[in-house]
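The values are calculated or read from the model by the stated rules, or taken from the named source; none is laboratory data. Nothing here was measured: the structure is a model prediction, and the numbers come from that model. Cβ placement follows ideal geometry from the backbone for every residue including glycine, while neighbour counts extend to all protein chains displayed. In case anyone asks, the SASA skips ligands and DNA or RNA and just uses the protein heavy atoms, side chains included. Shrake-Rupley method; radii C 1.70, N 1.55, O 1.52, S 1.80 Å.
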Number of protein chains: 4
Amino acid sequence: MEEENATPEVQERVRASFERQGLMAHLGARLSHIGPGRVHIVLPSRPEVTQQHGYFHAGATSAIADSAGGYAAFTLFPEDASVLTVEYKVNLLAPAQGEHIEAVGQVLRSGRTLTICQLEVFAIQGTTRSLVAAGQQTLICLHDRPDH
Amino acid sequence: MEEENATPEVQERVRASFERQGLMAHLGARLSHIGPGRVHIVLPSRPEVTQQHGYFHAGATSAIADSAGGYAAFTLFPEDASVLTVEYKVNLLAPAQGEHIEAVGQVLRSGRTLTICQLEVFAIQGTTRSLVAAGQQTLICLHDRPDH
Amino acid sequence: MEEENATPEVQERVRASFERQGLMAHLGARLSHIGPGRVHIVLPSRPEVTQQHGYFHAGATSAIADSAGGYAAFTLFPEDASVLTVEYKVNLLAPAQGEHIEAVGQVLRSGRTLTICQLEVFAIQGTTRSLVAAGQQTLICLHDRPDH
Amino acid sequence: MEEENATPEVQERVRASFERQGLMAHLGARLSHIGPGRVHIVLPSRPEVTQQHGYFHAGATSAIADSAGGYAAFTLFPEDASVLTVEYKVNLLAPAQGEHIEAVGQVLRSGRTLTICQLEVFAIQGTTRSLVAAGQQTLICLHDRPDH
């Protein structure tokens, strides 16, 4: 399946903001797709992102899920607005192990003030892609508050 | 207020498990209190844990909240058990900024299979301590599955 | 779209349990579909289920969502087990108004102890069907504890 | 402990709104305390609010928790505003049984647009009061939209 891309301007705004997130670089995460209302973030496996049994830490899993949802919302915002997470909830469905995990943030409902996103995280091992976390997130649009 | 400490054996089990969490060391987090059913984790401010506006990233905030709750539950488990996060929900109440943040995980209800924790994260700036995140977490006790 | 039905035995177990839920009858809710891992519940509009502005009350919306998810899980349980809700989270996406609302509970992951469901509630007005609530739920299977 | 009451005007606004909630009357729920940022709602035990094992239905438990939190937020709103639930999450900690249950909604953080509440539900049997549900809720203040 070919996924639709956001406009070059929107992609550029998302990338510029993502690069200002110190945590994403520190974890080793990168943007893998920027569509309208939909953003993917990939995190490769490394000892620096594990919990005590060697799986991806729930905190790492949900950090990329939170950013994926936040930027999914952000793609639909006006140019001079920024985004903040109000809250999110995530279920860890299975131990997250594999070569990398990929978070998918998808806008469920977009309003002037609040946006609701669905969050999914998949673990990829070879050709196997399995759902390891699922959640839901509420974001707020701060108008007239450019992101940078 | 003097907080009660867990027994030396329990403290040792928590510390040993915490040290196996690659993510906690990578973020720069450390255990600041281990009591029965209550664990604190501190994360100092540094560019590696920020979001795009320079505040602590919601992912970093909730990573230490998740570990604090997980270990709070773990302090009440039998010796040969390990802990997994089933799910959690967190509200980001205010932008998290300061010298460091401290997550407090507190057991609300402890059952044979499931434990429910309350999660709080405070931002500390000089002598000011303000609540920046609050949440709730469900954990599962895996019996006869030692943590190491 | 034709939806798959559960076996007659499973449908019978779900219906018998649903009829023991005093709240569902009191609200005026009824089962509209019982499939393997998927259950729908309909609630007609009436003054007895409203909030202060005349919309469906969030409590009514989430009551049928909770039961739909619970029975979706239950369809996959062994015969002598019963189901309890551990927790759920629901976003109210839009004011719920219409002739009736329909909750859809769908199993996302089914384990021996825990089951995770996706919850959706739609408002139906004439030929329009709009998503008014979305959530996620954790349920526990109590083995050797028949439901009745 | 004596609990502080809201002003007579605020109490009157809450009572008038509560009386317009068809669901609360239909369940048999009543307001038991209206303080600034804190509201209690009581629901007596009756077959009409049960789940299949005879306990209070999670939907009834969370319906009064949702209203308690909503009105707790509402006590702090300007006179011409109304309240909507954005989302909530609730853990069912123990089977809810007893003569009645009481929901306590308490504002954790009050902002111009969003308010976050802590939700607790207790079951009361004779002189025993036990926590049966705990949750967290996000509400939105609709300015210049009187509640009636």
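List of remarks:
- Every residue from the stretch C:134-148 that is more than 9 Å from every other protein chain (Cβ to nearest Cβ) and assigned to a loop (DSSP other than H, G, I, E, B): C:143, C:144, C:145, C:146
- Pairs where the first residue, in the stretch B:104-126, is among the acidic types (Asp, Glu) and the second is modelled with pLDDT under 95 and part of a strand (DSSP E or B), C-beta under 9 Å, 6+ apart: none
- Some residue of the stretch A:63-72 being in contact (Cβ under 8 Å) with a residue 24 or more places away in the chain and over 15 Å from the mean Cα position of the chain (by Cα): no
- Residue within the stretch A:110-117 that is more than 28 Å from residue B:94 (Cβ to Cβ) and either open to solvent by 10 Å² or more (accessible area, probe 1.4 Å) or acidic (Asp, Glu) (or both) present: no
- Matching entry among B:100, B:148 (being open to solvent by 10 Å² or more (accessible area, probe 1.4 Å), in contact with a Ser or Thr (Cβ under 9 Å, 6 or more places away or on another chain) and within 27 Å of residue A:137 (Cα to Cα)): B:100
- Applying the set (1) more than 13 Å from chain B (Cβ to nearest Cβ); (2) surrounded by 21 or more Cβ atoms within 10 Å (Cβ to Cβ); (3) in a strand (DSSP E or B) to residue A:129 leaves exactly one unmet item: (2).
- Scanning the stretch B:132-145 for residues that are loosely packed, with under 13 Cβ neighbours inside 10 Å and at negative phi returns B:143, B:145.
- Among the residues of the stretch C:55-77, those identified as under 18 Å from residue D:29 (Cα atoms) and at the interface with chain D (Cβ under 8 Å from one of its Cβ atoms) are C:57, C:58, C:59, C:60, C:62, C:63.
- Unmet criterion (only one of (1) out of contact with any Lys or Arg (no Cβ under 6 Å at 6 or more places or on another chain); (2) farther than 20 Å from residue A:92 by Cβ) for residue B:93: (1)
- Subset of the stretch A:23-49 [at the interface with another protein chain (Cβ under 10 Å from one of its Cβ atoms) and open to solvent by 20 Å² or more (accessible area, probe 1.4 Å)]: A:25, A:26, A:28, A:46, A:47, A:48
- Some residue of the stretch D:75-85 being among the acidic types (Asp, Glu) and either at pLDDT 95 or above or under 14 Å from the mean Cα position of the chain (by Cα) (or both): no
- Against the criterion of being more than 9 Å from chain D (Cβ to nearest Cβ), out of contact with any strand residue (DSSP E or B) (no Cβ under 6 Å at 6 or more places or on another chain) and either among the hydroxyl-bearing types (Ser, Thr, Tyr) or within 24 Å of residue C:143 (Cα to Cα) (or both), residue C:111 qualifies.
- In the stretch B:3-19, the residues that are within 14 Å of chain A (Cβ to nearest Cβ) and open to solvent by less than 40 Å² (accessible area, probe 1.4 Å) form Cβ pairs under 7 Å with partners that are assigned to a helix (DSSP H, G or I) and among the hydroxyl-bearing types (Ser, Thr, Tyr), at six or more places apart or across chains, as follows: B:14/B:71; B:18/B:71.
- The stretch C:50-65 - residue that is of a type outside the set (Val, Ile, Thr) and open to solvent by 10 Å² or more (accessible area, probe 1.4 Å) and, of those, farthest from residue D:20 (Cα to Cα): C:58
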